[in-house]
Ligand code: DX5
Ligand code: ZN
């Protein structure tokens, strides 16, 4: 299992400490939630912040773009040190062009869908992606509860990926805790994002360890 802690739930006055802790933990990736205030109601952070973090970490940067027409920022995001860039199918006028651009910039490409988007929309893009991200909460805010219906959706997408015979990771993002990580994993997820359950914990390294071993 790949664990990708989302620093959105961290204390931004101590961003350096947060990154150091993640670097030294058993986490595999760092999940970076970029929000534009248009595709989702909130604004988080963007290129300058990611560029600074890059100087302090050699980990895989898993950039989740909750941004309308992300194609406008792919090249800049790659230049800032993104390794994997995930875009929302709902946010792109031309999904193919966006995914192609991500790969041509040397990054891995991911595609995401919101909780109420049919999983079927993913099918045409499977041969263009390295990862599918299933949102298990409405995007835009950390600390929400896992939407139970997501489990069935994870199973459906897992089957779709297996049937395709392609090598695609299945990531799940939103409301993941020690209590439900087992269910999410059994449903077929191999990559887990966790924000609040890691960064609101007393001992961040231990919270990461627990999520990995559960
Ligand atoms: C939500 C973000 C998530 C979020 C996860 O819009 O995409 O990555 O930070 O946070 P938790 O784990 O608190 O739901
Ligand atoms: Zn995210």
Radius of gyration and Dmax for the range 1-116's Cα atoms, expressed in Å? 13.7, 39
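Volume per residue, Å³, of the convex hull around the alpha-carbon atoms of the range 94-214? It would help to have the intermediate numbers written out before the result.
Details: hull volume 14.2 nm³, N = 121.
Taking the convex hull of the Cα positions in the range 94-214, it is 118 Å³ per residue.
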Dimensions in Å of the chain - Rg and Dmax from alpha carbons: 15.7, 45
Given the DSSP H assignment, sum -39500 (n - 2.57) over each helix run of at least 4 residues in the chain and divide by its residue total; what's the result at 222 nm in deg cm²/dmol, nearest 500? -9000 deg cm²/dmol
For the range 105-159, what's the radius of gyration and Dmax over Cα atoms, in angstrom? 12.1, 36
For the range 1-66, I need the span (max minus min coordinate) of the C-alpha atoms along each principal axis, in Å, sorted largest to smallest. 34, 28, 18
Separation in nanometres of the label points that stand 7 Å from Cα toward Cβ, at residue 128 and residue 100: 0.8
Over the range 81-214, what is the relative contact order in percent, taking alpha-carbon pairs closer than 8 angstrom and at least six residues apart? 19
Kirkwood Rh, the range 58-136, all Cα pairs: how many Å? 12.3
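Counting DSSP beta bridges in the chain, what percent are antiparallel, to the nearest 5? Display every interim value, and only then the final one.
Working: 1 of 34 bridges.
Just about 5 percent of them are antiparallel.
Bear in mind these aren't lab numbers, they're just calculated from the coordinates by the rules spelled out. Please read all numbers here as calculations on a predicted model, not as lab measurements. Cβ coordinates were reconstructed from backbone atoms using ideal geometry, including for glycine residues, and neighbour counts include every protein chain displayed.
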